[in-house]
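Rule-based calculations on the coordinates, nothing more; no lab input. From a predicted model like this one, the values you see are computed outputs, not experimental measurements. All Cβ positions, glycine included, derive from the backbone under ideal geometry; neighbour counts span all protein chains shown.
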Amino acid sequence: MKIEGQAALVTGGASGLGEATARELARLGAKVAILDLNAALAEKVAAEIGAEFGNGRAVACTCNITDTDSVNAALDKAAAAHGPARILMNVAGIGSAKRIVGKDGSPAPLEDFVRVVSVNLIGAYNISRLYAAQCAKLDPLEGGERGVMLFTASVAAFDGQVGQQAYSASKGGLVGMTLPMARDLAQHGIRVCTIAPGLFATPLLKELPEPVQQSLAASIPFPPRLGHPSEFGELACHIVTNGHLNGEVIRLDGALRMAPR
């Protein structure tokens with residue numbers, strides 16, 4: 001699929017990997033809707049994209065992906081601005097680190113596990129089902145393709161660390177959902193892929209002390225540095241343009257394999 005001129009949705013598009021993906025889509029000519037809970041930051045990024053790449057290139061949509069009414073409202077706003085979307089980048093997500101048995105011997109709070117899985121897995125499925133139902137009604141492009149959907153997992157889906165049960169389970173769920181969803185949507189000409197990023201220089205990670213950042217970077221075989229968010233955005237956009245990528249999970253981690261802790 002050619003990105004230029006297409007309407008694209010980016011969840012979590014107001015910061016980090018989502019922001020980098022939104023900017024790369026806009027650079028390549030897409031009309032981008034930034035879906036995020038942080039309305040002020042989403043508006044800021046949309047304005048910057050509009051100023052850099054042309055008026056009308058980006059729109060901000062306040063969106064809670066776990067709430068169906070909120071998602072539908074965001075999809076309606078995006079469609080009113082740009083037309084129906086053919087590209088969905090699922091990047092929104094949250095983290096957690098809770099040992100299943102705490103130092104005081106108490107069990108991990110169930111609410112924490114439910115919250116992480118609700119956002120990272122169920123939320124991603126929620127907006128994907130709503131997007132797919134709309135995309136399936138669009139006229140097919142060349143080769144019968146109608147749309148492309150991306151999930152953002154994590155290397156934690158494969159080698160999660162101590163305390164990452166909730167996060168790893170949520171990201172592992174996205175990995176497990178990729179192939180069956182691609183098979184399910186094949187009849188509608190909608191491709192589905194997932195990126196599993198390693199350690200990236202996102203605003204959240206940059207809050208760590210510099211020595212900790214350097215230590216994390218040194219653990220990556222090559223290149224021995226944190227990933228650039230732009231590298232994630234470039235891969236996400238390549239998946240859109242490469243018509244034979246479907247049902248695949250791609251690790252983007254510099255050959256990193258996480259230690260137990």
Which is farthest toward the positive dipole end of the chain among Thr21, Ser70, Ile94, measuring Cα position about the Cα centre, with Cβ charges +1 (Lys, Arg) and -1 (Asp, Glu)?
Ile94
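Using Cβ counts within 10 Å as a stand-in for footprinting exposure, how do Thr68, Thr194 rank, fewest first? If you can, show how the numbers build up before the last one.
On the way: Thr68 13, Thr194 28.
Fewest-to-most ranking of Thr68, Thr194: Thr68, Thr194.
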Inter-part gap, Cα centre of segment 13-87 to Cα centre of segment 221-261, in whole angstrom, is 22
Derived scalar couplings ³J(HN,Hα) [segment 226-238; Karplus, 6.51 cos²θ - 1.76 cosθ + 1.60; whole Hz; x for Gly, Pro]
5, x, 8, x, 4, 5, 5, x, 5, 5, 4, 6, 4
Taking every pair of Cα atoms in the chain, average 1/r, invert it to obtain the Kirkwood radius, and report Rg/Rh to two decimals.
0.97
Enumerate the amide H contacts of Ile250 below 5 Å, restricted to partners 5 or more residues apart or on another chain; note that Pro and chain-start residues carry no placed amide H.
Thr194, Ile195, Ala196
In 10 Å bins starting at 0, how do the alpha-carbon pair distances of segment 1-154 split up by percent?
12, 40, 29, 12, 6, 1, 0
Could you tell me how many degrees, from 0 to 90 and to the nearest 10, lie between the Cα long axis of helix 124-135 and the main elongation axis, the longest principal axis, of the Cα atoms of the chain?
10
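Take the residue pairs Lys31/Lys137; Lys44/Lys103; Lys103/Lys171 and return only those whose Cα atoms are more than 30 Å apart. Mind showing how you got there, number by number?
On the way: Lys31/Lys137 19 Å; Lys44/Lys103 42 Å; Lys103/Lys171 26 Å.
Exceeds cut-off: Lys44/Lys103.
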Which ordering of Lys206, Lys44, Lys103 is given by a fewest-first count of other beta-carbon atoms within 10 Å?
Lys103, Lys206, Lys44
For His244 and Ala217, compute 0.36 nm times the residue count separating them, minus their Cα-Cα distance, and round to one decimal in nm.
6.5 nm
